[in-house]
1. Over the alpha-carbon set of the range 33-87, divide Rg by the Kirkwood Rh and report the Rg/Rh ratio to two decimals.
2. Please compute, for the alpha-carbon atoms of the chain, the extent along each of the three principal axes and give them in descending order in Å.
3. Go through the range 216-221 residue by residue and turn each phi into a ³J(HN,Hα) via Karplus (6.51, -1.76, 1.60, θ = phi - 60°); whole Hz please, and just put x for glycine and proline.
4. So with the 1.4 Å probe, I'd like the accessible area per residue for the chain, rounded to whole Å².
5. Using protein chains only and a probe of 1.4 angstrom, how many square angstrom of GLU179 are accessible, to the nearest 10?
6. With an 8 Å cut-off on Cα pairs and a minimum separation of 6 or more residues, tell me the relative contact order of the range 9-260 in percent.
7. Specify the angular offset, from 0 to 90 degrees and rounded to the nearest 10, of the alpha carbon long axis of helix 9-26 from the longest principal axis of the alpha carbons in the chain.
8. Bins of 5 Å, beginning at zero and ending with the bin holding the largest distance: percent of Cα pairs per bin for the range 81-186, please.
Amino acid sequence: MTHPTPARTGRRGRRLLATAAVVGVLTAGIATGAAAFVAPGTNGNDVTVGADNDNADNTFIQPPGVAAKQHMDNTDVLFGRGKDDLLIGRLGGDTALGGSGSDILVGGPEDFAAPNSDVLVGDTGNDINIWAPGDGSDAFIGNENYDTMIFAPFVEKPDGSLVLSSYGDRKVPRVDIDEKPNFSCTIVAVPRSENLGFQFLVRFNVNGTPAVTVRQKDVEKVFCPSPVKGQAKVAYLNTAHPQFRNVWLSQVPGTVGAILKPTAW
Ligand SMILES: [Ca+2]
Ligand SMILES: [Ca+2]
Ligand SMILES: [Ca+2]
Ligand SMILES: [Ca+2]
């Protein structure tokens with residue numbers, strides 16, 4: 001297995017708890033939805049992390065002695081509502097609905113633990129979906145305005161939790177998208193005859209072999225890793241035949257630029 005991001009199953013629980021703790025610390029003063037299976041969102045800039053508490057260990061949902069599966073494998077339903085939200089689903093097949101405002105939607109991190117297929121809906125505003133190696137095949141529905149898909153490993157703290165940086169009055173995850181010669185993306189236009197409702201599939205390849213496919217509906221722009229230091233690959237899905245070209249990270253503006261910016265800068 002040549003995947004450059006190894007599974008860290010033994011660290012997963014600690015890592016995800018650490019993610020929640022970091023978000024809790026960082027969001028003092030920001031409206032924060034408490035972790036819950038259904039997080040309703042607020043009209044502030046929410047930072048909401050999936051609770052991952054609907055699982056086999058939850059004896060309220062999965063009563064002892066009941067063999068048939070009653071739980072949902074850590075599924076969360078996260079709403080952002082108004083303003084610019086950061087929604088992080090963590091384990092399980094989660095649903096995130098950004099609502100109005102320019103939201104950042106993260107289905108994982110899942111570190112290769114299944115089920116891991118998330119449904120991420122941006123709604124109005126310029127929304128961003130971040131997928132990282134170890135997350136599963138997902139669906140991103142950007143809907144209105146100018147929406148961006150990012151494929152790249154997260155920048156993590158030594159304990160495996162996500163690094164979140166301040167950008168304006170919000171928190172943004174950071175990714176490591178340059179100097180990744182093993183990673184590439186392939187754009188596949190979806191013919192109407194497939195009856196899928198998506199315009200494109202974007203496959204993330206490791207050493208040329210598809211690892212996952214993320215479905216794209218009403219998404220305008222896709223960033224993928226580049227082998228070159230300081231660069232990413234970008235494609236515009238609102239053009240007739242989208243193709244990847246090189247872009248300098250220093251020339252990517254706004255919230256997307258803040259997410260892609262190398263941490264050394
Ligand atoms: Ca909100
Ligand atoms: Ca979850
Ligand atoms: Ca998930
Ligand atoms: Ca939105």
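The values are calculated or read from the model by the stated rules, or taken from the named source; none is laboratory data. In this text, all values refer to a predicted model and were calculated from it rather than measured experimentally. Keep in mind that these areas ignore ligands, DNA and RNA; they rest on the heavy atoms of the full protein, side chains included. Shrake-Rupley method; radii C 1.70, N 1.55, O 1.52, S 1.80 Å.
1. Values: Rg = 13.7 Å, Rh = 12.1 Å.
Radius of gyration over Kirkwood radius for the range 33-87 works out to 1.14.
2. 54, 43, 35
3. For the range 216-221, the Karplus curve yields 10, 10, 6, 10, 9, 8 Hz.
4. Working: 11600 Å² over 265 residues.
Per residue, the chain has 44 Å² of solvent-accessible surface.
5. Number for this one is 90 Å².
6. Working: 723 pairs, mean separation 30.7, N = 252.
Once normalised by length, the contact order is 12 percent.
7. 90 degrees
8. 3, 13, 23, 25, 21, 12, 4, 0
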